[in-house]
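The values are calculated or read from the model by the stated rules, or taken from the named source; none is laboratory data. Keep in mind the model is a prediction, meaning the values are calculated, not measured. Cβ coordinates were reconstructed from backbone atoms using ideal geometry, including for glycine residues, and neighbour counts include every protein chain displayed.
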Amino acid sequence: MSESGANGDGEIRPTRFRNLPSVNSLSQEELIVTEPENTELLSSIRRRVQSSSEKIETGSLNVLSAKYESLDYDTCENYLFLDEERKKGYRFIVKKNLARWFIFLLIGMVTALIACAIDISIEELSQLKYASLSKSVDEYVTQGKLHIPYFFWVLYNVIPVLIGSILVAYVEPIASGSGIPQVKCYLNGVKIPRVVRIKTLFVKSVGVVCSVVGGLAGGKEGPMIHSGAVVAAGLSQGKSTTFNRDFKIFKYFREDHEKRDFVSGGAAAGVSAAFGAPVGGVLFSLEEGTSFWNQSLTWRTFFASVISTFTLNVVLSTYHGVPGDLSYPGLLNLGKFENFSYEVYELPIFVLMGALGGLLGALWNHFNYKLSVFRMRYIRKRWLKVIEACIVAAVSATLGFLMMFLLNDCKPLGQDPTKYPTQLYCQDGQYNVLASIWFQTPEASVRSLFHDPPNTHNATSLAFFVVVYFFLSSWTFGLASSNGLFIPTLLTGAAWGRLISVGLFRIIPDAVLIHPGKYAMIGAAAQLGGVVRMTISLTVIIMETTGNISFALPLILTLIAAKWTGDFFNEGIYDTLIQLSGVPLLPWEPPPLVHNIYASEVMSHPVVTLKCVENVGHIVELLKLTSYNGFPVVDPPLTDQSEVTTYGRIRGLILRSQLIVILKKKIFNENSDFWGDINVGIFRDEYPRYPTIEQVCVSEVEKTYSIDLRPFMNPSPYTVLHSSSLPRMFRLFRALGLRHLPIVNDTNEVIGMVTRKDLARYRVWRHRGRMGVEELLISKEI
Ligand code: ATP
């Protein structure tokens with residue numbers, strides 16, 4: 001038999017590795033990225049690891065960062081866990097279940113209350129700002145001193161943006177942007193440092209108020225999703241790592257997979273609060289995030305979403321002086337459409353609009369990607385980030401001012417529901433339409449474009465507005481400020497949608513069905529779909545936000561056309577940002593055409609393993625020398641050590657975090673008299689921030705002691721045979737939320753290790769209608 005590859009029956013045989021260095025003789029570099037010496041084995045596809053001479057280009061989309069760790073969604077059913085389960089009994093199960101529902105209730109309520117606080121602050125501050133601006137424009141225009149209101153406008157923009165961006169740049173950079181890509185990665189199983197901390201929530205909430213009041217082309221809806229996720233992670237753990245407080249409640253939820261379930265509920269509650277769309281919220285969590293889904297989680301997530309929109313509705317209705325009326329289900333209130341119908345001949349128009357949205361969305365993403373790369377290269381210092389945000393705030397005011405000054409678009413008063421009709425150069429009894437769009441929050445502008453009666457906006461103003469807002473929103477997304485892209489994208493799309501209706505009206509003047517609001521809505525959906533490429537949740541969110549169920553088909557057609565057209569050119573913006581930061585995200589499906597890649601080609605070898613009873617000094621050294629987070633526990637190998645091919649029969653898998661807690665608590669065999677009560681609680685107390693090995697003190701004498709790993713290790717980890725295909729391993733990882741997958745031979749002996757990064761390395765690429773599979777580089781540089 002040959003040393004590797006398929007035998008005559010097409011069956012893959014265990015691979016033999018010749019003269020591999022022993023684990024202890026390897027340097028840390030070699031241990032982190034190891035390659036089998038047997039080159040025959042890797043003849044078909046070679047692992048691309050960064051060599052010291054290879055420089056990673058900033059902004060490369062083909063590199064995975066080695067710095068991201070995974071979450072472990074597989075329950076470690078070790079002896080301690082089973083012991084706890086046995087003792088619990090029925091009452092405990094009921095109590096835990098009730099606690100779970102209670103937490104989902106709290107998540108819904110608290111997320112909504114935060115949304116209300118953000119909304120009311122924005123509303124109050126914006127009113128002050130725009131009322132004063134509108135007044136001063138009309139006051140100074142007659143005196144020919146328009147530079148004074150312009151100066152005020154710049155000031156009112158720059159001051160809040162300065163505060164917000166200082167907070168983001170100096171206090172918590174992870175709070176920048178919408179936070180949706182980060183939540184998506186978390187739910188996918190990647191640990192993004194500090195993403196669900198209370199400090200992040202604080203900066204995000206204050207930051208979003210500052211950026212919206214500061215007139216940046218961004219919205220508060222995306223950040224609400226991130227806020228919901230933080231609320232969920234915080235409430236469900238009964239402790240705060242930011243404040244170093246343990247409330248000693250909900251301890252049994254201190255595990256990655258329990259926390260993940262709550263976070264999906266939190267993200268859904270956030271969507272629900274943002275758009276008043278509880279079903280859309282559930283679907284958003286399902287479509288964009290979660291790697292795992294089941295019936296009871298759907299039910300609880302829906303519950304949190306409904307509670308969230310209800311709480312928000314009660315509070316905002318009271319705030320707007322109509323308590324009990326319950327007419328404010330979400331932050332984004334697009335207003336209900338009456339008598340909204342469509343003709344069959346309009347469907348192709350909607351599809352074309354979808355395709356245009358996809359095209360514009362791809363362009364928007366490309367522009368934003370180029371800007372992000374520019375920022376990564378040149379805007380690295382925090383003060384530079386703050387200055388950039390302030391410049392964008394000033395430019396936003398300048399462009400708005402120039403537009404209303406240069407395009408004197410006047411309409412008779414009374415037609416528009418705007419709060420601050422500004423006359424500017426219009427005649428008496430008229431108001432400047434562009435001033436009314438700029439002198440209100442972007443949400444209110446979307447509403448205007450959806451509901452303003454026909455002929456409110458002229459084509460030139462709309463066209464200018466589209467161009468200006470398109471580039472402004474793309475420039476704004478990614479600044480050191482907390483804001484999302486939903487609203488500016490909807491606004492851009494609504495404007496060009498309305499523009500199309502103006503064009504159609506010119507072509508077929510007597511068509512009664514060409515309602516500009518309807519086209520604004522389709523344009524908005526197409527633009528947003530083209531940028532984010534969500535289909536299921538976006539359709540439902542827009543349907544719920546506009547209260548128009550009969551419009552499902554046009555929306556679906558539009559969004560599918562937008563997605564397909566956009567995908568032809570590039571990835572959606574969230575995926576682009578995720579790829580840019582090198583996160584090893586596992587998509588829904590394995591890449592196509594990789595069935596001929598086997599575990600033996602994907603796995604790492606040699607494997608760092610431990611024995612069931614292991615020397616303390618050896619464990620400490622191993623943890624210091626390597627950065628791995630999981631170690632197969634094996635029986636001593638049966639084979640001759642001089643020709644190491646396997647690492648002994650697998651007995652279990654132990655995590656670095658578990659080893660650290662054992663070392664910290666000094667659970668050594670020689671100390672067994674002082675152990676006291678050892679239960680799973682000792683691990684939960686340290687969750688989620690375990691100390692590093694450097695923080696654990698182990699004396700020289702203790703290093704001669706030994707640890708019995710059997711009660712702590714996972715005694716039945718998922719393993720696969722060396723002959724398993726890449727798609728099979730991929731599906732296991734994706735469906736079960738795995739972190740480590742030891743590869744075994746026919747006699748159940750460990751021969752390799754596969755982790756998320758090994759699988760995420762194989763990625764499908766699509767470009768201009770072509771596709772293929774590429775192998776990414778793993779780098780420690782990004
Ligand atoms: P994660 O970072 O996903 O939490 P991890 O730190 O254990 O898990 P990775 O950083 O994904 O592992 O691993 C980097 C590389 O090291 C991968 O190619 C993986 O196969 C390999 N690897 C992981 N654990 C071991 C191990 N115990 N022995 C040998 N190689 C390993």
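Structure values in brief
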quantity	calculated
Selected residue (criterion: nearest to N244 (Cα to Cα)) from residues of segment 634-648 that are outside any loop (DSSP other than H, G, I, E, B) and either more than 16 Å from the ligand (Cβ to nearest atom) or modelled with pLDDT under 85 (or both)	Q641
Unique residue being in contact (Cβ under 8 Å) with a residue 40 or more places away in the chain and either within 16 Å of the ligand (Cβ to nearest atom) or charged (D, E, K, R) (or both) when the list is K88, K129, K145	K129
Total residues in segment 191-219, condition under 18 Å from D119 (Cα atoms) and among the hydroxyl-bearing types (S, T, Y)	2
Scope segment 63-96; condition aromatic (F, W, Y) and farther than 26 Å from A760 by Cβ; matching residues	Y79, F81, Y90, F92
Helices (runs of 4 or more DSSP H) completely within segment 563-633 that count 2 or more residues being away from the ligand (no atom under 15 Å from the Cβ) and under 30 Å from V531 (Cα atoms)	573-580
Hits in segment 547-606 - residues which are out of contact with any Ser or Thr (no Cβ under 8 Å at 6 or more places or on another chain), touching a residue at least 60 places away in the same chain (Cβ under 8 Å), farther than 29 Å from R728 by Cα and aliphatic (A, V, I, L, M)	L553, L557, A561, A562
Count of segment 746-763 residues which are near the ligand (Cβ under 6 Å from one of its atoms) and of a type in the set (A, V, I, L, M, F, W, C)	2
Sole exception among (1) of a type outside the set (V, I, T); (2) at pLDDT below 85; (3) over 30 Å from the mean Cα position of the chain (by Cα) for L61, by number	(3)
Number of the condition not met by I743 [criteria: (1) buried (at least 23 other Cβ atoms within 10 Å of the Cβ); (2) within 28 Å of the chain's Cα centre (by Cα); (3) within 12 Å of the ligand (Cβ to nearest atom)]	(2)
Residues of segment 163-187 satisfying the condition of being among the polar types (S, T, N, Q) and over 17 Å from R533 (Cβ atoms)	S165, S176, Q182
Count of segment 730-782 residues which are hydroxyl-bearing (S, T, Y) and farther than 17 Å from N188 by Cβ	2
Condition met for M353 (farther than 26 Å from V532 by Cα and either outside the structural domain of L462 (by TED's automatic domain parsing) or part of a helix (DSSP H, G or I) (or both))	no
Check on I660, crowded, with 18+ Cβ neighbours inside 10 Å, within 21 Å of K67 (Cα to Cα), out of contact with any strand residue (DSSP E or B) (no Cβ under 9 Å at 6 or more places or on another chain) and at pLDDT 85 or above	yes
